[in-house]
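Participant: Here you go, one structure.
Computed from the coordinates by the stated procedures, all read-outs in this text should not be read as laboratory data. Bear in mind the structure is a predicted one, so any value in this text is a computation, not a measurement.
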Amino acid sequence: MGKDVIVACDFSSAEQVFSFLDRFTDKKPFVKIGMELYYAEGPAIVREIKARGHKIFLDLKLHDIPNTVKKAMAVLSRLDVDICNLHAAGTTAMIQGALEGLTRPDGTRPLLIAVTQLTSTDQESMERDLLIHEPIDEVVMHYAETARNAGLDGVVCSPLEAGKVHDRCGREFLTVTPGVRFADGDAGDQKRVMTPAAAREIGSDYIVVGRPITAAADPVAAYNRCVAEFVD
Ligand code: C5P
């Protein structure tokens with residue numbers, strides 16, 4: 001898979017997501033389904049969006065004991081998604097269990113990427129609540145290397161970290177980056193943002209874009225603008 005724009009479909013019902021996706025009559029965007037939509041509608045929503053011809057990043061961020069994650073991933077592999085994810089904090093045994101569970105009998109599997117430290121975690125909360133005292137940038141890079149060494153395909157990270165992740169983990173290791181805003185857009189609650197063009201320059205493989213597309217007056221035009229800046 002090459003560079004692409006993934007649209008974060010952060011809706012709470014099938015009705016809302018379908019009225020949004022119905023606007024796209026030409027190109028079918030790569031869609032991210034997160035916890036909100038998945039927990040509201042269940043696995044049927046994944047099958048329905050897939051049947052409409054979209055690629056899917058199922059963003060459920062698994063984190064549990066290796067056996068539980070392995071079995072859960074085996075169920076997700078049957079949903080035929082293109083990318084799914086887990087927390088690197090689950091450590092190598094959990095990551096390896098996830099890969100085993102996700103691999104289908106024919107040897108194929110969806111791409112599997114890791115969340116490192118959530119971008120909502122800062123140095124202070126990491127030290128206070130998790131007792132991790134290394135600099136947070138170094139923790140993120142270490143988690144990325146752990147994920148790569150365990151056999152994962154990439155990480156979710158800030159576009160500001162994508163270049164460094166590629167330096168440490170190799171150009172082939174995927175960086176999937178949220179926190180993208182148009183130069184003339186509203187950052188909302190995202191603190192550290194980058195334009196699609198800047199994310200492309202720094203080497204992001206996929207950008208995840210939600211509200212700049214879903215809340216736009218013309219979502220199809222906003223999506224096309226993202227593609228023009230990031231991919232074309
Ligand atoms: O609307 P917005 O473009 O901010 O949406 C970004 C999407 O990426 C949301 O689904 C959000 O949960 C997700 N995300 C993020 N930052 C992370 C990880 C995921 O914004 N570090």
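Participant: What residue among Ala216, Ala199, Ala162 shows peak mean-square fluctuation when the chain is described by a Gaussian network model with Cα springs under 10 Å?
Facilitator: Sorting by GNM fluctuation, first place goes to Ala216.
Participant: When every alpha-carbon pair in segment 20-81 is counted, what percent end up more than 15 Å apart?
Facilitator: For segment 20-81, the share of Cα pairs beyond 15 Å comes to 54 percent.
Participant: Which cross-chain or sequence-distant (5 or more) residues have an amide H under 5 Å from the amide H of Ile132, H modelled 1.01 Å from N in plane?
Facilitator: Sorted by chain and number, the residues that satisfy this are Glu127.
Participant: Could I ask something else about it? Roughly what % of Cα-Cα distances in segment 68-160 sit above 17 Å, to the whole percent?
Facilitator: Within segment 68-160, distances greater than 17 Å cover 50 percent of Cα pairs.
Participant: Give the long-range amide H neighbours of Val31: residues separated by 5 or more places, or on another chain, with amide H under 5 Å away, using H modelled in the peptide plane at 1.01 Å from N.
Facilitator: Val7, Lys55, Ile56, Phe57
Participant: Hey, another quick one. Tell me what the chain gives for mean residue ellipticity at 222 nm when only DSSP H runs of n ≥ 4 count, each as -39,500 (n - 2.57), the sum divided by the residue total, rounded to 500 deg cm²/dmol.
Facilitator: Details: 11 runs with 104 residues, N = 232.
Only helices count here, giving -13000 deg cm²/dmol.
Participant: Here's something else I'd like to know. Restricting everything to alpha-carbon atoms, can you work out Rg to Rh for the chain with a Kirkwood hydrodynamic radius?
Facilitator: Ratio value, two decimals: 0.95.
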